[in-house]
Amino acid sequence: MKIFQAIPQKSNKKSSIVARSPLDRRESWTFYHSIYLPSITYPLPVGNILEKDFAKIESRATRRILPKCGYNRSTPKSVIYGPHQFGGIEFHRLYIEQGLGQLTFFLKFWHTDFEAGHLLRIATAWNQNMAGTGSSILTDVSTPLPQLETKWIPSLRTFLHSINSSLELDHTYVPALQREHD
């Protein structure tokens, strides 16, 4: 089963468990952070789900879990996803979890000299070649590159752009400028 189908199904199943359970407010909050989030976010770093798709998944789950945690379903999103020190509930945005996981994976494997690191460098070089730009695709993340045929690295680029960030790599794989000499 593809990750696109498994995540919403798992989210619906876990959130309905909470909704039908006799858990109190504290136990429901603990369930969300210790069971729901890890089970949903575990496969996210290898996926490339869009932010709008995550919004649909989150809205259904939070509508079920919020009342069990003692909050109104119509609580503003800034409170639902806000940090505790500012009065937030500390629910997590799945898109951010996916992006942080992708970024962590990229940095971890970029600095290894094992097969995973070699494959990541090959994939990055291939994407850079497909882009056909004179700048690194992970440094300039604001330029749209619809010609990229892969999914994962463009997903990482989109996340980096959404958080106003970029990556400066030790080797960018930007092809040298070719000029004809007469």
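Please identify, among LYS68, LYS56, LYS14, the residue showing maximal mean-square fluctuation in a Gaussian network model of the chain using a 10 angstrom Cα cutoff.
Answer for the Gaussian network model of the chain: LYS56.
Can you tell me the accessible area per residue over the stretch 82-182, all protein chains present, probe 1.4 angstrom, in square angstrom?
It amounts to 63 Å² per residue over the stretch 82-182.
To the nearest 20 Debye, how big is the dipole of the chain about its Cα centre, given +1 on the beta carbon of each Lys and Arg and -1 on that of each Asp and Glu?
1420
Share of the chain's accessible area from carbon and sulfur, percent, 1.4 Å?
In the chain, the share of accessible area belonging to carbon and sulfur is 56 percent.
Run the reach check for LYS2 against lysines, Cα to Cα strictly under 23 Å, same-chain hits fewer than 8 apart removed. What comes back?
Result set, ordered by chain and number: LYS10, LYS13, LYS14, LYS52, LYS56, LYS151.
In a GNM of the chain with a 10 Å cut-off on Cα contacts, which of SER78, SER136, SER39 has the highest mean-square fluctuation?
Of SER78, SER136, SER39, the most mobile in the Gaussian network model is SER78.
Hey, what number do you get for the chain at 222 nm if only DSSP H runs of n ≥ 4 count, each worth -39500 (n - 2.57), divided across all residues, to the nearest 500?
Result for the chain, helices only: -16500 deg cm²/dmol.
Taking 0.36 nm per residue of sequence separation and subtracting the Cα-Cα distance, how much length would be gained by fully extending the chain between THR172 and THR150, in nm to one decimal?
6.2 nm
Of [x] 50, 36, 34; [y] 152, 17, 14; [z] 80, 32, 26, which is the value of Cα extents along the principal axes in Å derived from the coordinates here?
It is the one labelled [z].
Assuming R0 = 25 Å, can you tell me the calculated FRET efficiency for the pair GLU27 and GLN5, based on Cβ-Cβ distance, to the nearest 0.05?
The computed FRET efficiency comes out at 0.30.
Note the full-extension length gain between ALA123 and ARG20 as 0.36 nm times their separation in residues minus their Cα-Cα distance, in nm to one decimal.
Full-extension gain reported as 32.6 nm.
From Cα pairs below 8 angstrom and at least 6 apart in sequence, can you work out the relative contact order of the stretch 1-150, rounded to a whole percent?
Normalised by residue count, the contact order of the stretch 1-150 is 20 percent.
Once the dipole of the stretch 90-182 is set up with Lys and Arg at +1 and Asp and Glu at -1 on Cβ about the Cα centre, which of LEU169, PHE114, LEU156 lies farthest towards its positive end?
The residue sitting farthest along the positive end of the dipole is LEU156.
The values are calculated or read from the model by the stated rules, or taken from the named source; none is laboratory data. As the structure is a computational prediction, the values presented were derived from the model and not from experiment. In this analysis, Cβ positions are derived from the backbone assuming ideal geometry, glycine residues included, and neighbour counts consider all displayed protein chains. With ligands, DNA and RNA removed, areas are computed over all heavy atoms of the protein, side chains included. Shrake-Rupley method; radii C 1.70, N 1.55, O 1.52, S 1.80 Å.
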